[in-house]
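In what follows, a structure is listed as structure tokens, so that the remarks can point back to it.
The values are calculated or read from the model by the stated rules, or taken from the named source; none is laboratory data. These figures come from a predicted structure and were not determined experimentally. Here the Cβ positions follow ideal geometry from the backbone for every residue, glycine too, while neighbour counts run over all protein chains shown. For the accessible areas, the whole protein counts, side chains as well, though only heavy atoms, and no ligand, DNA or RNA atoms are used. Shrake-Rupley method; radii C 1.70, N 1.55, O 1.52, S 1.80 Å.
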Amino acid sequence: MQNIRDKIERTFRGEIRFNEPMSAHTSLRIGGPVEVMVFPEDLASLRSVLSVAYREKIPLFILGEGTNLLVGDKKIKGMAISLRFFRNIFTKEKNDKRAVLFVEAGVPLKSLINFIQKNGYSGIEALAGIPGSFGGAVYTNAGSFGTEIKDVIVSITVMDMKGEIINLKRDGIKFSYRTSNLPGNLIILGADIVLQKDDSHKVAERVKRFLRDKRTTQPLGEYSAGCVFKNPEGDFAGRLIEAAGCKGLKNGDIEVSRVHANYFINKGRGTYRDFIELMKMVKTKVKRYSGVNLEPEIRIIERI
Ligand SMILES: Cc1cc2nc3c(=O)[nH]c(=O)nc-3n(C[C@H](O)[C@H](O)[C@H](O)COP(=O)(O)OP(=O)(O)OC[C@H]3O[C@@H](n4cnc5c(N)ncnc54)[C@H](O)[C@@H]3O)c2cc1C
């Protein structure tokens, strides 16, 4: 894998790291070393990395900010690609009613929320406090307080494994709860979103309110990957986990949060196995208590 540096074109701009610990790139602070992690700085560099991976049959994984991931502790064969250098927001159209923005995949959602407050654009205030990148939010159809990122998407720009750039219209994409039918082998480069013009103070007020609600109901300052299980139809996974008596349940250094039972917290030295076993324990207790089969919301990656 070391000779990958020679195979990537000399024009490549960005960073290449070998045996990079995934634990340094996940909000849970869990994850073994991935053989190679690349951070291309531009489209040509991304394309040259993809063509090497394609030719050499290297398995690929697109990494956002790792806030929705549980990654295995063992060495991971393959390549993780981060678009963290793609962090521009372009205003494509604006008038006194609305604006269309093109947001690059590596833009932290937090920066986008700051941008809409500053410029007085409304539509995604409820997503304030969700960590991660814009690309990750689009891929997972991130949502909060009844708003989902899909609600503002006009089109998504992706790159396929051959380096071709394709624009996908919103109508052709099926979004559902925390997912979409976007094929896993497409790299989201960014998306056009449409927002309504509003007074920036009003937007900031709403952001503040949503953030306050989030801070009081979710353990935002601890090592977690957000909600572990999907909410079943008509109910809340957190409520079922709490009712089954799992709040505070611990396995190794992973604990069911006492603030919100659908968050599992790494208290410092938690491992992949600890987490998976705790998921099984909670699933069994919830099934016994309520008959409901919980399904994972976090993305579990043992190999790529
Ligand atoms: C404290 C906390 C609170 C949270 N609250 C919420 C919440 O309220 N609502 C909610 O929906 N989520 C929540 N989450 C989960 C998480 O933040 C979101 O799912 C977030 O959108 C993931 O973005 P990311 O950049 O971290 O993606 P990652 O975790 O890095 O990746 C998630 C998936 O997206 C794919 N992906 C990422 N970028 C790209 C790209 N450019 N192209 C193609 N695929 C890509 C990855 O391959 C992976 O399959 C929370 C997490 C934490 C830790």
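A few comments on the model shown:
- Given (1) crowded, with 18+ Cβ neighbours inside 10 Å; (2) assigned to a loop (DSSP other than H, G, I, E, B); (3) not charged (D, E, K, R), number of the condition Phe275 does not satisfy: (2)
- Any hit, the range 2-21, residues being under 20 Å from the mean Cα position of the chain (by Cα) and under 14 Å from Ile300 (Cα atoms): no
- On inspection, Ser27 passes the criterion of being polar (S, T, N, Q), at pLDDT 95 or above and in a loop (DSSP other than H, G, I, E, B).
- Residue match in the range 269-276 (condition: in contact with a Cys (Cβ under 9 Å, 6 or more places away or on another chain), modelled with pLDDT of 95 or more and closer than 27 Å to Ser23 by Cβ): no
- Residues satisfying the stated conditions in the range 207-243, i.e. among the hydrophobic types (A, V, I, L, M, F, W, C), open to solvent by 20 Å² or more (accessible area, probe 1.4 Å) and touching a helix residue (DSSP H, G or I) at 6+ places or on another chain (Cβ under 6 Å): Phe210
- Matching residues, the range 64-106, being more than 23 Å from Ser48 (Cβ to Cβ), surrounded by 20 or more Cβ atoms within 10 Å (Cβ to Cβ) and either at pLDDT below 95 or among the β-branched types (Val, Ile, Thr) (or both): Thr67, Val71, Val103
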